[in-house]
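Let me begin by presenting the structure, written as structure tokens, before commenting on it.
Values quoted throughout were computed directly from the atomic coordinates according to the rules given, and no laboratory measurement underlies them. Computed from a predicted model, the values in this text were never measured in an experiment. FYI the Cβ positions are ideal-geometry reconstructions off the backbone, even for glycines, and counts take in every protein chain you see.
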Amino acid sequence: MPPSQAAPRVGKGFNGNGKGSNLARIRGPVCRLCRREGMKLFLKGDRCFSEKCAVEKRRFAPGQHGKRRTKVQGYGIQLREKQKVKRIYGMLENQFRLVYQKAVRSRGVTGEVLLQMLERRLDNVVLKLGFASSRWQARQIISHGHIRVNGRKVDIPSYGVKAGDVITLRDRIRKNAFLLAAVEHTRGIPEWLSLDADALKGTVVSLPVRESITLPIQEQMIIELYSK
């Protein structure tokens with residue numbers, strides 16, 4: 001098949017089950033991460049909203065000692081908070097620390113700036129707009145060059161969007177069944193984003209503020225941990 005007629009590279013990763021080789025990834029059952037944090041991190045897309053969700057079926061930490069009640073305090077609480085945020089946004093330690101260091105050097109409240117930078121990541125925006133059912137799926141379609149920002153291809157999942165940016169899809173992928181299903185089942189768009197579902201076009205209306213980030217995150221715990 002000539003290159004111009006080749007099918008879009010959506011592959012296994014685009015259905016939410018695979019993870020691109022160039023992405024920060026966890027080589028193991030991701031449902032264990034949700035159970036370890038004691039809450040849904042929504043790492044597996046639609047499965048997290050179904051009765052198959054591991055957190056719903058087994059409300060205790062993984063491992064043979066998971067049912068034991070352990071009291072976590074001080075450093076342990078701070079560490080768990082950092083681990084939770086890293087897992088929500090699918091980042092490795094070095095990546096997360098670089099974002100934190102950049103937030104420290106920026107103007108404003110460090111914790112709020114940190115969350116704003118995480119929310120502005122292109123993979124997060126693609127997920128929130130409903131162009132993917134999971135963060136891994138969002139990263140896959142970005143790294144394969146299917147996302148356009150202001151008409152230009154951006155294949156870096158960590159790219160930070162700005163107010164006024166328009167996110168669209170590559171023409172070849174607009175009729176993909178997985179993508180259309182994800183858009184159809186979009187579960188609420190944040191107020192700082194807008195979506196034209198018919199045109200498959202999203203717009204960054206404004207930068208996210210702390211009040212618009214509804215995730216159960218205590219960012220001050222993370223700041224205190226890194227400040228030690």
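Cβ-to-Cβ counts within 10 Å put 227, 106 in ascending order as 227, 106, the fewest first. In order along the range 112-121, phi translates into HN-Hα couplings of 5, 5, 4, 5, 5, 5, 5, 5, 7, 4 Hz, rounded to whole numbers, per the Karplus curve 6.51 cos²θ - 1.76 cosθ + 1.60 with θ = phi - 60° and x for Gly and Pro.
Label-to-label distance, residue 184 versus residue 79, with points set 7 angstrom from Cα along the beta-carbon direction: 4.6 nm.
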